[in-house]
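Taking it in order: structure first as structure tokens, then the write-up.
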Amino acid sequence: MAEFSFIEISYDPEVVTPKIMSTRLSKLGFIHRTQHCYGPVGFWNLNNCIVLLRSNDSKLPAHISGIGFNGTVEDIDNLNCKLDRDSDFFYIDNGNGIRTYILQEKQIHNVSPTLEASYKIVDNKTTSFKHLNYISGIKMNCHNDELISHYQKIGFKYTDVSKNYGKLTCENNRFTIMLDKRETTNNVPTVVCDTHDIFDATAHFVGVGIKLKTFNNNVHQNFGALNYKIRAYNCRAWGNEKSYTIENFIEGIAPNVDIIFRQRSQYLHIQETTLDSYYATES
């Protein structure tokens, strides 16, 4: 079954310049690793958070346009994927305007001798930062049977969470797609990243000049020795001292795209309460 690999961010250089996009990603801590030799795509990473950055003529600002998975020939066949010549990956639209990419080494070899032959190295020496570890989920503003069936074909399990959300979880439980039933805009407004140290990550982002959201209702009483740090670093937390998610929020890494970064302990899944809290009006 398919395992999550990367998100794709697309932008039109006539709307936002490549320099601005590079600056935004670099400020977050991403490093430009490779660029396709012929197509307008390149890979950036921050630890195990991977972004495929694509320029196009969509007339749109930067937005999340695709999700990449490591998969098999069977996954490619099940989805009836076709080859994207710009990236040398197989893909198909998920039925709602977001591409699903399947990376399968043998299939790529049929197109070019090796994946490395399609991409030139930009920077393979700079050591990656460690303040974020990996992308663990997204919120998608869409919910319908076609979309659910699409991801079930590559191994996702669907759960009807509430009247507001459905949830798609990959087989190894490391990546979750929260489907907002209230929205039909078919975009991805929120990316969730995991970190081993929420306080170190918060300090890093503040140190490089990234503005984090300020929380007014910031009262935490159930986290023992962590209570002080949660308040001092302006984080949000749910759970208790032994089972928790401690989180923070970066607004507007691209128009209408935000990042939730979090540290978890025995608190496995993305919850609708935490997602919605960031967009609720503070009293």
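Structural remarks
- Residues that are over 20 Å from F261 (Cβ atoms) and hydroxyl-bearing (S, T, Y) were ranked within the range 161-212; the one that is surrounded by the most Cβ atoms within 10 Å (Cβ to Cβ) is Y165.
- Considering S265, S277, the condition of being in contact with a Ser or Thr (Cβ under 8 Å, 6 or more places away or on another chain) and either under 26 Å from K163 (Cα atoms) or surrounded by fewer than 18 Cβ atoms within 10 Å (Cβ to Cβ) (or both) is satisfied by S265 alone.
- Residue within the range 217-234 that is surrounded by fewer than 16 Cβ atoms within 10 Å (Cβ to Cβ), touching a residue at least 40 places away in the same chain (Cβ under 8 Å) and outside any loop (DSSP other than H, G, I, E, B) present: no
- The set of residues in the range 116-146 being more than 30 Å from K163 (Cα to Cα) and among the hydroxyl-bearing types (S, T, Y) consists of S118, Y119, T126, T127, S128.
- Scan of the range 120-154 for residues that are farther than 17 Å from T190 by Cβ, among the β-branched types (V, I, T) and surrounded by 15 or more Cβ atoms within 10 Å (Cβ to Cβ), ordered by number: I148, I154
- Hits in the range 80-102 - residues which are surrounded by fewer than 22 Cβ atoms within 10 Å (Cβ to Cβ) and aliphatic (A, V, I, L, M): L83, I92
- Qualifying residue in the range 196-209 (condition: assigned by TED's automatic domain parsing to the domain that holds S162, over 26 Å from H63 (Cβ atoms), free of Cβ contacts under 8 Å to residues at least 40 places away in the same chain and in a loop (DSSP other than H, G, I, E, B)): no
The values are calculated or read from the model by the stated rules, or taken from the named source; none is laboratory data. Every value quoted in this text rests on a predicted model; they were computed, and no experiment measured them. Here Cβ is always computed from backbone atoms with ideal geometry, including for glycine, and neighbour counts include all displayed protein chains.
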